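Some notes on the structure that comes next.
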Amino acid sequence: MNADKVVEVPLVSTRQRPAKPPLYMKLGNFALGGLAGMTAVSILLPLDMIKVRIQISSECGERIRNPFVIARRLYNNEGGLRAFYRGIDSALLRQAIFTSLRLGIFTNLGEIVKRYRKRKTLTLYEKVICSLTAGGIAAFIDTPLDLSLVRMQADRTLPAELQRKYRNVVHALTSVIKEEGIVKLWKGAPPTVCRAMAANLAMLTTYEEAKERLTARLGKQSYISLLSGVIAGVTSATVSLPFDNIKTKIQKMKARPGEPSPYKGVFDCLVKTCVREGPSRLWVGLATYYVRVAPQATITLVVYDILKNALKKLNS
């Protein structure tokens, strides 16, 4: 009798590519990201106004760092509650663009990587790359709106003859183009992009990593998204504040007639801040920044998760 023949079966990967999401899901990730960001900024814009004023007061050599004192000054001297929402149109438009881009790009890029790698999750390295890419692209596109918001918030701190008196975001953008040239809309772009990449890395990578690890340890619990958001928000605030400080100073500066600009660029601003104010002043207003950035990151990420899950249920 002939020995039984051994039939060789070619090895085939048992890993299946995740299903490709439909186009409306991809576009939905952008829209839901913008909606989540606009929700957060509508709640927390007054804290951002106080944060900007603390940074500027440090630059001017004032010793007042108390956010409650700054808030009282704003309320008493600049029009009551309306003062805290100066630049709200720019802030909302910025979130509609910036947050929609950074969350949409991160989510869709992550889905592409997972399909290519035939996995349901991203590695830490892949999360880092996706978050840096999303933050850099979104920040560069959004820089003109960020410039408008900072100038509108800081305008009352300038001498009367140097105040720009922008009426709204459209007036701010058109005034910059008319008076300074279209390229100046991207004034402060390098620190803005660096800040966004650092913040995105700290926020999105930390959030996804914390959520995965907490879920593995505690199981699927309703509070995990909130707890992960808090961890991500604190990390993001600590990492990004020095970049935010430099960005604010560069974007709001305005030279007096016949005098040079206070700062020649990012590095010059960094050096002068460290020399004049001390390196620790890069983190000036950290407490207020925590209170402003950590809740915004938490609200944005949790709302985004809720909206994404609702969209997935509609698709299933």
Go through the residues of the stretch 254-261 one by one and say whether even a single one is surrounded by 13 or more Cβ atoms within 10 Å (Cβ to Cβ) and either within 18 Å of Gly135 (Cβ to Cβ) or modelled with pLDDT of 85 or more (or both). no
Selection status of Leu145, in contact (Cβ under 8 Å) with a residue 12 or more places away in the chain and either buried (at least 22 other Cβ atoms within 10 Å of the Cβ) or of a type in the set (S, T, N, Q) (or both): yes
What tally of residues in the stretch 176-199 results from selecting those that are assigned to a helix (DSSP H, G or I), under 17 Å from Gly136 (Cα atoms) and of a type outside the set (A, V, I, L, M, F, W, C)? 4
Does Ser240 count as in contact with a Phe, Trp or Tyr (Cβ under 7 Å, 6 or more places away or on another chain), open to solvent by less than 70 Å² (accessible area, probe 1.4 Å) and within 16 Å of Thr300 (Cβ to Cβ)? no
Picking from Leu81, Leu92, Leu173, the residue that is touching a Pro at 6+ places or on another chain (Cβ under 8 Å), open to solvent by 20 Å² or more (accessible area, probe 1.4 Å) and assigned to a helix (DSSP H, G or I) would be Leu173
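Residue-by-condition table, conditions (1) at pLDDT 65 or above; (2) assigned to a helix (DSSP H, G or I); (3) surrounded by 15 or more Cβ atoms within 10 Å (Cβ to Cβ):
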position	(1), (2), (3)
Val6	no, no, no
Val9	no, no, no
Ser13	no, no, no
Arg17	yes, no, no
Leu27	yes, yes, no
Met38	yes, yes, yes
Ile43	yes, yes, no
Being in contact with an Asp or Glu (Cβ under 6 Å, 6 or more places away or on another chain), of a type in the set (Phe, Trp, Tyr) and either at pLDDT below 95 or open to solvent by 30 Å² or more (accessible area, probe 1.4 Å) (or both), is that true of even one residue in the stretch 118-128? no
Among (1) open to solvent by less than 40 Å² (accessible area, probe 1.4 Å); (2) free of Cβ contacts under 8 Å to residues at least 12 places away in the same chain; (3) outside any helix (DSSP H, G or I), there is one condition Gln221 misses while meeting the rest; what is its number? (1)
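The values are calculated or read from the model by the stated rules, or taken from the named source; none is laboratory data. Nothing here was measured: the structure is a model prediction, and the numbers come from that model. Reconstructed Cβ throughout: ideal geometry from the backbone, glycine too, with neighbour counts over all protein chains shown. Remember, those area values only see protein heavy atoms, side chains included, never the ligands or the DNA or RNA. Shrake-Rupley method; radii C 1.70, N 1.55, O 1.52, S 1.80 Å.
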